[in-house]
Amino acid sequence: MPHKVSLTRLKLSDFRNYAALSLDLDTRHVVLTGENGAGKTNLMEAVSFLSPGRGLRRAAYADVARVGAETGFSVFAELEGMDGPVEIGTGTAGADEGQTRRLRLNGTTAKTVDELLDHLRVLWLTPAMDGLFTGGSGDRRRFLDRLVLSLDPEHGRRATDYERAMRSRNKLLSEGRPDPVWLTGLERQMAELGIAMALARQEMLGLLAGLVDRNHEGGVFPAADLALSGFLDGEWHRPAFDLEEQYLEMMKNGRYRDAAAGHALDGPHRSDLLIRHRAKNMEAARARPANRRRFLSA
Ligand SMILES: Nc1ncnc2c1ncn2[C@@H]1O[C@H](COP(=O)(O)OP(=O)(O)OP(=O)(O)O)[C@@H](O)[C@H]1O
Ligand SMILES: [Mg+2]
């Protein structure tokens with residue numbers, strides 16, 4: 001049985017406005033109150049560094065380190081994790097030029113920050129994410145991918161590898177007379193990774209749809225219908241292999257067009273998450289901001 005995850009201690013050094021902080025917690029909920037600029041969001045940001053990525057502000061690490069700090073920031077946490085008690089240390093203190101974030105688990109250096117996902121999964125919803133509905137599709141994809149990552153730790157690696165293969169293909173196409181063997185190899189990588197990514201997203205949408213159906217009876221939140229659009233729409237009932245072949249074919253046929261555009265026009269990197277208010281059959285983007293937030297929490 002997985003444990004219920006709780007953070008029992010949080011220690012910061014040279015993190016944002018905190019030169020040093022040590023906070024003892026228990027399993028109860030935490031409410032932070034304080035003046036504007038007191039450092040409430042900074043604390044949440046520190047907690048968000050207990051998951052892979054750049055945290056809830058997606059800030060450059062250099063901005064996270066306290067102004068005037070001699071070296072980078074560090075976040076230390078003790079928690080009751082999914083796999084039992086664990087001590088997590090992370091930050092840029094002592095790392096090369098503050099560009100990378102180091103991770104130690106129970107005092108041992110971890111190979112990648114992804115190892116955090118064995119112990120806890122962190123999700124956040126901030127007022128800034130109101131733009132989730134009105135902003136670009138990239139924010140919505142990232143939000144969905146973070147949800148997927150909370151179930152499937154491989155998702156992040158696949159997305160990174162997919163992006164890398166796609167960048168190599170873009171570059172190759174821009175060179176004119178690209179080596180067809182190399183090009184096909186990259187496209188095959190993109191097809192395998194891209195379809196796996198897209199299927200994991202579809203699975204997440206299925207879980208969310210089930211959750212919405214179970215919760216909306218008598219609930220206070222409006223029921224939402226979720227769908228992904230923009231890539232192989234209506235095809236997702238087919239076997240993964242067929243989808244890979246189809247995507248491969250699309251890329252092959254799209255080479256000239258992609259070369260002219262300077263980037264790949266088809267793929268899971270173009271999918272958009274569509275959210276509709278079920279009863280009103282209205283897109284969430286058109287709802288009032290307060291309702292959008294309720295949508296998100298639903
Ligand atoms: N790298 C840094 N070094 C030192 N201080 C920083 C750094 N980055 C941000 N700060 C300070 O952190 C403060 C902002 O903290 P934070 O955003 O957590 O406030 P808050 O309590 O959430 O406020 P609000 O109620 O307005 O949301 C500001 O005073 C800012 O100057
Ligand atoms: Mg704040």
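Scanning residues 5 or more positions from Thr8 or on other chains, those with amide H under 5 Å from its amide H are Glu78, Leu79, Glu80, with H placed 1.01 Å from N in the peptide plane.
For the chain, the mean residue ellipticity at 222 nm estimated from helices alone is -13000 deg cm²/dmol, where every DSSP H run of n ≥ 4 contributes -39500 (n - 2.57) and the total is divided by all residues, rounded to the nearest 500. The protection proxy used here, the mean number of other Cβ atoms lying within 10 Å of each residue, ranks peptides 104-117, 187-200 as follows, highest first: 187-200, 104-117.
Paramagnetic label reach from Asp139 (point 7 Å along Cα→Cβ; backbone nitrogen cut-off under 14 Å): within region 229-272, no residues.
Using a simple spin-label model with pseudo-atoms 7 Å out from Cα toward Cβ, Val67 and Gln202 lie 5.0 nm apart.
Considering only Ser48, Val30, Ala77, and ranking their Cα positions along the charge dipole of the chain that arises from unit charges at the beta-carbon of Lys, Arg, Asp and Glu, the one farthest toward the positive end is Val30.
Put a plus charge on the Cβ of each Lys and Arg, a minus charge on the Cβ of each Asp and Glu, and nothing anywhere else: the dipole of region 90-216 about its Cα centre is then about 120 debye.
For the chain, give me the percentage of DSSP beta bridges that are antiparallel, rounded to the nearest 5 percent. Expressed as a percentage, antiparallel bridges in the chain total about 95. Using 0.36 nm per residue and subtracting the Cα-Cα separation, the extra length available between Lys252 and Ser174 on full extension is 26.6 nm. When the Cα gyration tensor is reduced to axis lengths a ≥ b ≥ c, the ratio a/c is 1.5 or higher for region 6-118, and with a/b not above b/c it is classed as oblate.
Using only side-chain charges placed at the Cβ, +1 for Lys and Arg and -1 for Asp and Glu, the dipole size of the chain relative to its Cα centre rounds to 860 debye.
Apply the membrane-span-like helix rule to the chain: whole DSSP H runs, Cα extent along the own long axis of at least 15 Å, mean Kyte-Doolittle hydropathy at least -0.5. List the helices found. Span-like helices here: 137-151, 180-216. Kirkwood radius and radius of gyration were both taken over the C-alpha atoms of region 204-273, and their ratio Rg/Rh is 1.16.
With coordinates expressed along the principal axes, the C-alpha atoms belonging to the chain extend over 58, 53, 40 Å, beginning with the largest.
What residues of region 127-153 lie in the reach of a label at Arg278, counting those whose backbone N is under 13 Å from a point 7 Å from the Cα along Cα→Cβ? Within reach of a label on Arg278, which here means backbone N under 13 Å from a point 7 Å along Cα→Cβ, region 127-153 contributes nothing. Placing a label point 7 Å from the Cα of Ala20 along the Cα-to-Cβ direction, no residue of region 34-53 has its backbone N under 18 Å from that point.
The separation of region 172-208 from region 35-111, counted between C-alpha centres, amounts to 32 Å.
Every read-out reported here was derived from the displayed coordinates using simple, explicitly stated rules and does not represent laboratory data. All values reported here derive from a predicted model rather than from experimental measurement. Here the Cβ is made from the backbone with ideal geometry for all residues, glycine too, and neighbour counts use every protein chain on show.
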